[in-house]
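We did not get these values from a lab; they are worked out from the coordinates using the rules stated. Just so it is clear, the structure is predicted and the values come from calculations on it, not from any experiment. Here the Cβ is made from the backbone with ideal geometry for all residues, glycine too, and neighbour counts use every protein chain on show.
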Amino acid sequence: MSVTENIKNVRQRLERVCTQAGRNPSEIELIAVSKTVGVAQIAEASACGIKVVGENRVQEAWQKFQTTKVDVKWHMVGHLQSNKVRRVLQFCEMIQSVDSLSLAEEINRQACKLDRRMAVLIQVNCSGEASKFGFAPSEAIDAVERISELDHVTVEGLMTIGAYSKQTSEVRASFRKLRDLREKIEEKAFPGVRMRELSMGMTNDFEIAVEEGSTMLRIGRSIFGERLN
């Protein structure tokens, strides 16, 4: 199917789960993750109303940013190395994958040089899987407090990747853990921390994420098809 048809199908699925969960689809940002995807497909997604494109690889994203002639915002959703932060700040509106204090500090340093504030999400490894990046849930509140003290970084919320499991209950538990963390952080009322966003849910599990309160869905294959690599 085409990108247009795929987006239509994703939105239909989103509307169904929102109806069941008593939520409004307009509360949820559909982020098209374009890893290995060409600029023509990004343009088609934009024409279908996609406003945010998520990227995993900095160099690939930078090349697309320079050549894509459509009005979309760019988010970094993959693991980010500190030596690539300056490039990311030149085109991204948000970094969703802040997974260490050292990375947050480098973002702050580079944002200061560019005289801007960078919106970030704090990545939390809610499933505890060794293959995933992110703060442990037990570390997340302290991390948010420390990052909130940085002058050129604004914490907008949290991000996680759902548990890699065929058991729906395990996937749901990892999303629920992130939602509970957000509530605990909101109670702390750290200055400048907004906690407006919960970025959770991908192609295989986004309906569960919506039921658990997601505000951002990172969808790749269900929009663009199987990746080339």
Checklist entry - Using alpha carbon coordinates only, what is the Rg to Rh ratio of segment 1-80, with Rh defined as the Kirkwood radius? => result 1.01
Checklist entry - When the Karplus curve 6.51 cos²θ - 1.76 cosθ + 1.60 is applied with θ = phi - 60°, which whole-Hz ³J(HN,Hα) does each residue of segment 72-84 get, with x for Gly and Pro? => result 10, 9, 10, 10, 8, 10, x, 4, 10, 7, 4, 6, 10
Checklist entry - Toward the positive end of the charge dipole of segment 166-229, about the Cα centre and with charges on Cβ (Lys, Arg +1; Asp, Glu -1), which of 167, 225, 192 goes farthest? => result 192
Checklist entry - Over 25 Å between Cα atoms, which of 64/166; 8/73; 35/73; 35/132 qualify? => result 64/166
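Work through the residues other than residue 115 whose Cβ is under 14 Å from its Cβ and net out their charges, Lys, Arg +1 and Asp, Glu -1.
Net charge around residue 115: +4.
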Next on the checklist: Can you sort 92, 126 from fewest to most other Cβ atoms within 10 Å of each residue's own Cβ?
Outcome noted: 92, 126
Item to check | Calculated diffusion of segment 1-156, Stokes-Einstein form, Kirkwood radius summed over Cα pairs, 25 °C and 0.890 mPa s, µm²/s | outcome: 145
Next on the checklist: Translational diffusion coefficient of segment 92-229 at 20 °C, 1.002 mPa s, Stokes-Einstein with Kirkwood Rh over Cα pairs, in µm²/s as a whole number.
Outcome noted: 140
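With each run of n ≥ 4 DSSP H residues scored as -39500 (n - 2.57), what mean residue ellipticity at 222 nm is computed for the chain after dividing by its residue count and rounding to the nearest 500 deg cm²/dmol? Please list the in-between numbers first.
Values: 9 runs with 99 residues, N = 229.
After summing the helix terms and dividing by the residues of the chain, the value is -13000 deg cm²/dmol.
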Checklist outcome for this item: Final fewest-first order of 52, 85, 77 on the 10 Å Cβ neighbour count is 52, 85, 77
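What is the Cα radius of gyration of segment 184-229 over 2.2 N^0.38 Å, N being its residue count?
Working it through for segment 184-229, the quotient is 1.54.
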Next on the checklist: Taking 8 Å as the Cα distance limit and 6 or more residues as the minimum spacing, I'd like the relative contact order of the chain as a percentage.
Outcome noted: 21
Next on the checklist: Which one, 66, 17, 97, projects farthest toward the positive side of the charge dipole computed for segment 1-99 from Cβ point charges (K/R +1, D/E -1)?
Outcome noted: 66
Checklist entry - Comparing 93, 106, 129, which has the greatest mean-square fluctuation in the GNM of the chain with Cα pairs linked when under 10 Å apart? => result 129
Checklist outcome for this item: Proxy exposure order for 58, 3 (fewest C-beta within 10 Å first) is 58, 3
Checklist outcome for this item: At the level of C-alpha centres, the distance separating segment 2-37 and segment 112-150, in angstrom, is 26
Checklist entry - In terms of Cα to Cα distance under 25 Å, which lysines are near enough to residue 188, apart from those fewer than 8 places away along the same chain? => result 177
